[in-house]
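Trainee: For reference, the structure I am asking about is given below.
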Amino acid sequence: MLLGHSSYYFNSIWLQLDPFDPLFPSWGQFTLRYAGYLCAPGFLMMAGAMVWWSYHRRVAKGSADWSARWHFIQRGIFLILVQLTWVNSSWGGFRELKLTHIGIIACIGISIILLTFIVRTKWYVRLIIAMTILLIHPLLLRISYSNDVFWQQALMQTFIDAGDFNKYPVLPWFSLAVLGSLMANGWLGFWKTDKEKILMGLGIAVITLFIAVFVRYSMAYGNMFSFSGLFSYSFLIDQKYPPSLFMNLWFFALVVLGVTLFIVIGKISPRILRVFSIPGKVPLFFYAVHIAILGVLTRIFPMIYREGGVITSLIGLAGMLVIMLPLCRWFYGVKRRSSNYFIQMI
Amino acid sequence: MKNMKRQIPAIINILNITLLILFLVGCAARHQTSVETENKTIVYPPKNSEDLSANIRLCRKINRITGNPVGEGSVFGIKEKENLRALIEFENLENFYDQELMLHLDWISPSGRSFFMKPVSFIPNDTTTSILSSVSLSPASRQPGIYWLKVYYFRELIAEKQFELVPWASLPEEEVKAKIILSSKIDKESGMPVMVDSAFRIRKKGRIHATVNIDNLPTDDDVEFKFRVEWFEVDTSSFFKKRVSFIPDAKSSVIFSSISITPEKREAGNYSVRVFLFDELLAEKKFRLYHD
């Protein structure tokens, strides 16, 4: 994510790059962009897993059913408000307040609220819900609407399509959150040992990868664009905004593979991961603050805005880590000590 | 799960590294080092020699009959109601008949921003050899500077070409020039003059061929150029003239004219051949005829 955002602010390719129809002058630029594609599925799946686990833990500790659910509804609403106010404005260095636009944080917020209503259902019911949404979504994209009529644009792009109002429509991303809650059933419920978690994770990831490749290669239902060859740029990038069926399956598998890899590394050498865990303790703070810093920095120093390339983006990543890691450590301390409602929400 | 939530960035970073390694192995279908073609197109050759390649030709117009570019170059004047056209010519297109191809033509301004992106999706057949894109050269929409046209094939850059837009008035106006070569023969295969001379023997079935090479023809406008090749016996009026009219589609062109120099038709003496453009003398070449 940080790498992708560093590229967004420092990389001159963004003078030409249309995120809805991306073109790449080199594999370096392609890799830079594609690596960032992993973040949104990762966030949604982790949000789904977190809701499932946290709900059941709260209920186990004695919370009433709707009291536990209400906590997540509040959290969802808070995320939507953060998107509309802080996040929207921070992208441009707080030049203007943009209330008529939503994005990934609002999408996570809405998904958390929706997931609250099915969090108690059996895993196979949630699997059916997620797969039904994934399969129906390509059909819903055929609904025609006018971008000039605000309510049509807002309704369609909040839930189904992607555009200027919202690049992250809820339906396809919500299905990933539901799949994340399913995986939490396994990681934190059914599978007791690390070996079991690794084997099951690998199995699910590999099977899903095969299904994704089959869906894409056969150019069957749910594909958006043709491709030149197996694992070419055009094969790997079908459509992100909104995600095609292939993209959802592919990145679900990659996130599961990543978590499995993480479990393996955690078993072998947990120290390697310690440094990266700092932002993980305060993810919303990390997200909101790093964009604000980048937005303000490039507003004050316009000479660095989109002037570099791949190397500049990597340097930007390193620089932002130097700034953000101590900030996250500091805020985590504040959050632990504070009982303030808003601090706890961040 | 609490630990897992905290480790989200770690998961993502590890995956990023894994992806980077995967892509280092290479999913790009093109070599990263480019080559420059004769017409200054920068081409990224395919790793598979049978894959598609493209060459970019920039011009003001396309000849409606021949389909050839008119006014080809890399420097163009900004002018009202003028357009710049790009002809993208393909190699190995025959390997992709009946397959849907995805192309994007991206026009980049001097600021580095894309000012017009044309997505093209097409299924080639045996009549397809190229695709066309054009942008306005009107002063309202273009500023002087260095521009680029980039061609992407299935989202991957395969060719790019730089060009310059300048104010119309700063384009040099070159004079049309003509050079006359006289010869006894024209090579049938090459069309080149053979036995070039300025003195020719009067003989049975004898002829003189004038090959007129014309340069600096303007190709920007649809103006018909009217040439006249006229043969003179010195101090007398002309005895033969040939008129040639055409709209130039290239900066250079060639006109041919010939006369008979048999004993029945010509006498020994001094002669000349003159080339006129719109009745103004462009070039003259003197020659002599003699008997054995």
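Trainee: Just checking, which of A:Arg299, A:Arg306 is touching a Leu at 6+ places or on another chain (Cβ under 6 Å), basic (Lys, Arg) and touching a residue at least 40 places away in the same chain (Cβ under 8 Å)?
Mentor: One residue alone meets the criteria, A:Arg306.
Trainee: Give the residue, chosen from A:Gly92, A:Gly76, A:Gly109, that is modelled with pLDDT under 95 and either under 25 Å from A:Gly42 (Cβ atoms) or part of a loop (DSSP other than H, G, I, E, B) (or both).
Mentor: Testing whether each residue is modelled with pLDDT under 95 and either under 25 Å from A:Gly42 (Cβ atoms) or part of a loop (DSSP other than H, G, I, E, B) (or both) leaves just A:Gly92.
Trainee: Okay, moving on. Being within 21 Å of A:Met183 (Cβ to Cβ) and surrounded by fewer than 20 Cβ atoms within 10 Å (Cβ to Cβ) is the filter; apply it to the range A:46-91 and report the residue that is farthest from the other protein chains (Cβ to nearest Cβ).
Mentor: This residue is A:Val59.
Trainee: Residues that are over 30 Å from B:Phe116 (Cα atoms): which strands (runs of 3 or more DSSP E) entirely in the range B:127-204 hold 1 or more of them?
Mentor: B:177-186, B:193-196, B:199-201
Trainee: Name the residue that is nearest to the other protein chains (Cβ to nearest Cβ), counting only residues in the range B:87-110 that are assigned to a loop (DSSP other than H, G, I, E, B) and over 16 Å from A:Asp18 (Cα atoms).
Mentor: B:Glu100
Trainee: Within the range B:40-57, how many residues turn out to be surrounded by 12 or more Cβ atoms within 10 Å (Cβ to Cβ) and free of Cβ contacts under 8 Å to residues at least 60 places away in the same chain?
Mentor: 4
Trainee: Please count how many residues of the range B:139-186 are on the phi > 0 side of the Ramachandran plot and among the small types (Gly, Ala, Ser).
Mentor: Residues flagged as on the phi > 0 side of the Ramachandran plot and among the small types (Gly, Ala, Ser) within the range B:139-186 amount to 1.
Residue-wise test of (1) in contact with a helix residue (DSSP H, G or I) (Cβ under 9 Å, 6 or more places away or on another chain); (2) more than 14 Å from chain A (Cβ to nearest Cβ); (3) closer than 30 Å to A:Leu23 by Cα.
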site: B:Ser141; (1), (2), (3): no, yes, yes
site: B:Trp148; (1), (2), (3): no, no, yes
site: B:Asp215; (1), (2), (3): no, yes, no
site: B:Val223; (1), (2), (3): no, yes, no
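Trainee: Considering A:Trp187, A:Trp173, A:Trp250, A:Trp191, which residue is within 10 Å of another protein chain (Cβ to nearest Cβ) and in contact with a helix residue (DSSP H, G or I) (Cβ under 8 Å, 6 or more places away or on another chain)?
Mentor: The conditions single out A:Trp187.
Trainee: May I ask you to list pairs of residues, at least six apart or on different chains, whose Cβ atoms are under 6 Å apart, with the first in the range B:265-292 being touching a residue at least 12 places away in the same chain (Cβ under 8 Å) and in the same structural domain as B:Asn213 (by TED's automatic domain parsing) and the second being aromatic (Phe, Trp, Tyr) and surrounded by fewer than 18 Cβ atoms within 10 Å (Cβ to Cβ)?
Mentor: Here the result reads B:Ala268/B:Tyr290, each pair linking the range B:265-292 to a residue that is aromatic (Phe, Trp, Tyr) and surrounded by fewer than 18 Cβ atoms within 10 Å (Cβ to Cβ).
Trainee: Of everything in the range A:15-33, what is at the interface with chain B (Cβ under 10 Å from one of its Cβ atoms), part of a helix (DSSP H, G or I) and either within 25 Å of B:Trp107 (Cβ to Cβ) or touching a Lys or Arg at 6+ places or on another chain (Cβ under 8 Å) (or both)? Give them in sequence order.
Mentor: Hits for the range A:15-33 are A:Leu15, A:Trp27, A:Gly28, A:Gln29, A:Phe30, A:Leu32.
Each row is one residue, and each column tells you yes or no for (1) at pLDDT 85 or above; (2) of a type in the set (S, T, N, Q).
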| site | (1), (2) |
| --- | --- |
| B:Val176 | no, no |
| B:Lys179 | yes, no |
| B:Asp215 | yes, no |
| B:Val223 | no, no |
| B:Asp249 | no, no |
| B:Ser258 | yes, yes |
| B:Phe276 | yes, no |
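Trainee: Then there is this: For the range A:207-223, which positions are surrounded by 13 or more Cβ atoms within 10 Å (Cβ to Cβ) and closer than 22 Å to A:Gly42 by Cβ?
Mentor: Correct list: A:Thr208, A:Leu209, A:Ile211, A:Ala212, A:Val213, A:Val215, A:Arg216, A:Gly222.
Trainee: Taking A:Phe342 as the residue in question, decide whether it is surrounded by 15 or more Cβ atoms within 10 Å (Cβ to Cβ) and over 20 Å from the mean Cα position of the chain (by Cα). Steps first, please.
Mentor: On the way: surrounded by 15 or more Cβ atoms within 10 Å (Cβ to Cβ): no; over 20 Å from the mean Cα position of the chain (by Cα): yes.
So A:Phe342 fails the test.
Trainee: While we're here: Every residue in the range B:190-231 that is acidic (Asp, Glu) and within 30 Å of B:Glu264 (Cα to Cα), please.
Mentor: B:Asp197, B:Glu230
Trainee: If you don't mind, another one. Give the range A:115-140 a look and list any residue that's surrounded by 19 or more Cβ atoms within 10 Å (Cβ to Cβ) and not β-branched (Val, Ile, Thr), or say none.
Mentor: Passing the criteria: A:Leu115, A:Arg126, A:Ala130, A:Leu134, A:His137.
The values are calculated or read from the model by the stated rules, or taken from the named source; none is laboratory data. The shown structure was predicted, so the numbers you read here are calculated from the model rather than taken from an experiment. Ideal geometry is used to build each Cβ from the backbone, glycine not excepted, and the neighbour counts take in all protein chains shown.
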